[in-house]
Every structure is written in C-alpha cells, then in structure tokens.
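The values are calculated or read from the model by the stated rules, or taken from the named source; none is laboratory data. Computed from a predicted structure; not experimentally measured. Heads up, the Cβs are rebuilt from the backbone with ideal geometry, glycines too, and the neighbour counts pull from every protein chain shown.
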Amino acid sequence: MKRALIVGGGIIGTMHAVLAAEKGLEVIHLERDMKPQSASVRNFGLIWVSGRLAGTELDLALRARELWGKIGGKAEIGFRANGSLTVAQNDDEYTVMQEAASMADADLRGFKVLDRNQTIALEPELAGNYRGSLQCTTDAAVEPSLLLGGLREYLKSFPGYTWIPEFEAVDFYHDDNGNHVTDISGRKYSGDYLAVCAGAAHKGFIEEHLEKAPLRKVRLQMAATAPLGATLGHSLADADSLRYYPAFKDLSLDRLGAQGSIATEYKMQLLLVQRLDGTMTIGDTHEYAEPFTHELHEAPYDHLYSVMKNIFGRDVPRIERRWDGVYSQSTSTDIYLRKTIAPGAEIVTGGGGRGNTLSPAIAEETVNQWSL
Ligand SMILES: Cc1cc2nc3c(=O)[nH]c(=O)nc-3n(C[C@H](O)[C@H](O)[C@H](O)COP(=O)(O)OP(=O)(O)OC[C@H]3O[C@@H](n4cnc5c(N)ncnc54)[C@H](O)[C@@H]3O)c2cc1C
C-alpha cells in the first residue's frame, strides 16, 4: 500500500486525507496544533456555489457540492442542503437579481428570483421591508465546529489512517525512498506522496517555494449572535455580496450604486448562517493590506445589524462572540495554488473565500494523481 503524507489539519488537508483513505492509501496526517484553529474553524461553513465564476470554477464547485453531499451522508459534520436567499432591499438590487436568474448557467446553480411574498412564504422569519430575493438551491452548509473532528472520526474507520497533532513540519526532503518531513525535534515521517496544505502559513519550510507565488492573505471579522428563537431554512446574504462574487461580474452592477460608507471602508457584505443550536454566524469584512490590525472594530457589526434588522423586520439577537480569521487566496487567474516541490510532493493552498466550498474537489484533483 502506498502512503500519503498530509501536512495541515484544516479542511483542505483533511479532505485530502478523506479522499486518499477512501481510495485505499495509507495516510499520515500531520498538524502543528493540538486541534486545528485556523481558517477552517473560523469560517461560515458555507458551501457557496452561487457566487462561483462561470466555467471551470463553477464546474469545480458543482463537483465539490456533489462530493459534500456524499461525505455529509457518512460523517457527522452538520451538512445540510439548505440553499440560500440573497435579499434585495430595493428595486435596483432586485433587477440585478433578475438578471442573475437569467444567466446561461442559472439552472445549474439553481437560481430563482422571488418577490417579497414568495420569499416570506419560503422563509417566514424574513418579515422586513425588502423587495425580494435570489434563491440558490445548490448552496449548502456545514458546522465548522463539527467539521474537522467529524471527518477525523469518520477517518478512524480506515485502519491505514493516522492523525498526528502537535507535529510542526519544519523541513522537507525528497530522495529515492520518497518524500520526508521532519519536526524540530527530528521526528520524521516518510511517504510516497506529500500534500502540504498549510493554509495561510506561507513561511517556514515552504517559504522558498512560495517566494514569488501569486498568493495573498486576507483577514475577516466575524461574529455569532444568541439563538434566533426560530429556525431558518436558508443561509442569507445581502446584495453587497453580488459585488464580490465573480459569478455576477457581467451583470449591471452599476445599478447597485455606491456601497454605504462603513461597508465600503471595511469591504463588507452580509452573510448569515444559522447554526444547529439556533445561533447565527454573521460577517464579514475584508482586510487585504499586511500587517493586519489586531483589533476587532465595532462599526462593521453596527452595519450588519442594521441590514439584518431591515431583512427580519425586527430586532435581532445580540452578539455573543466575535473573532477574526485569515485565509490564503490565489491572486492569479488560477482558482487555487498547486505547486509541485518534488516528485509526488505538492503545496496546495490559496482557495481564498471559497476554500471550504471547493475543498473536496481540490483534494480530488490531488488524489487522482496518486496511484495505489
Ligand atoms: C472568517 C472566514 C470565513 C470564511 N468563510 C468561508 C465559507 O463560508 N465558505 C468557504 O468556502 N470558505 C470560507 N472561508 C475560506 C476557508 O475557510 C479557507 O479557504 C479554508 O478553510 C482554508 O483551508 P486550509 O486547510 O487551506 O487552511 P487552514 O484552515 O488555515 O488550515 C491549515 C492548517 O495547517 C496547519 N499547519 C500550517 N503549517 C504547518 C506546519 N508547518 N506543520 C503542520 N501543520 C501546519 C495549521 O495549523 C492549520 O491547522 C472563510 C475564511 C475565513 C477566514
């Protein structure tokens, strides 16, 4: 049996472990922390097909969505095919959503435009003063708090899988016996294949390979509210999301006008996912210039609250927790970064704000190259 070494216990590394183990490979899965605490546990848990660029990126997202459906049936990760509603607060936003629902690939994405009454019929909690919404039936969600642990629990059913936390890879070499990684104390693991899925950790032993790589880091601010006291059937977004997602780039976005000052300053959209315990994860902001501030700023949360109040038509539960997160994003036209560093050894990162969504399909592209 051939052996795969995977560095990184985030969603990209863990999906590599799942697909490699299912294929029949022995898997050694190395993670520097006791428990992963980076982007993959700080995100919304959205599987967001709706915003993906037409063509290869959408194809990859749809393949990922298919794989998520299968994995969600096998592992306790809180997977649900809940779909999403992107809410239009005025006629112009609604017109852009009507254009979205007429795009050539709208059916593939599961797009449908709903007026306010149709939206309320689907989602009675959305009783606010808005124009309508864009429904996307292919969007889905998982629980970030369950995801990585749930996948590792599933991986325990494969005798060839070994999880090794608190192993920080600091060196790598390749020789006739394969690929080898070591930690600072000299512990060494060897394998036929190596996937380094270190997320936004662009430094360390992979730094020399990423020196001129088209990658950047992005920092986001997030929060969780108290329970809503009702169950939402969908994840939600506001029309600012249309400005960020490449799927919509050819629509008449100038109709949206200028963003509000806080949303502009913090490069914001509203995304909202209700967790299984009734709380709501809300965000987000985008900070691109390093060094990032260490502070959580209050103004973005005030903005999110005013948008939410308008959509729900009532006060929404207070914020109970706040955090930030950083992801690695490809800045080239490549959807993510895949770089070969030796025969059978690759760095895989840079999935950006779609890294959770695409993770099983990205892992599949790696594992398809690995023979038994
Ligand atoms: C706030 C926020 C919200 C987001 N929301 C969404 C969303 O809803 N949907 C979506 O599709 N995407 C979302 N994303 C993006 C998504 O979370 C990331 O693209 C994805 O989690 C990246 O996964 P990863 O495994 O590459 O990185 P990470 O989750 O950062 O994992 C990398 C792991 O590698 C480990 N590691 C690093 N170096 C070493 C080393 N030398 N040795 C051993 N281990 C090492 C780290 O400790 C870490 O656990 C969001 C991101 C953020 C920050």
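General observations
- Selection within region 102-141 - closer than 17 Å to Gly45 by Cα and touching a Lys or Arg at 6+ places or on another chain (Cβ under 8 Å): Cys136, Thr137, Thr138, Ala140, Ala141
- Condition check for Leu251: in contact (Cβ under 8 Å) with a residue 60 or more places away in the chain and either among the hydroxyl-bearing types (Ser, Thr, Tyr) or more than 21 Å from Ala101 (Cβ to Cβ) (or both): no
- The listed residues are Thr293, Thr231, Thr264, and the only one of them that is more than 12 Å from the ligand (Cβ to nearest atom), β-branched (Val, Ile, Thr) and closer than 20 Å to Ala127 by Cα turns out to be Thr231.
- Here Arg338 qualifies as basic (Lys, Arg), surrounded by 14 or more Cβ atoms within 10 Å (Cβ to Cβ) and in a strand (DSSP E or B).
- Selected residue (criterion: farthest from the ligand (Cβ to nearest atom)) from residues of region 305-328 that are hydroxyl-bearing (Ser, Thr, Tyr) and in a helix (DSSP H, G or I): Ser306
- Once region 1-50 is narrowed to residues that are at positive phi and under 19 Å from the mean Cα position of the chain (by Cα), the residue that is nearest to the ligand (Cβ to nearest atom) is Gly8.
- One residue from Thr95, Thr56 being more than 9 Å from the ligand (Cβ to nearest atom), more than 20 Å from Ala195 (Cβ to Cβ), among the β-branched types (Val, Ile, Thr) and in the same structural domain as Gly313 (by TED's automatic domain parsing): Thr95
- Of residues in region 329-372 being among the hydrophobic types (A, V, I, L, M, F, W, C) and closer than 25 Å to Gly69 by Cβ, the one farthest from the ligand (Cβ to nearest atom): Trp370
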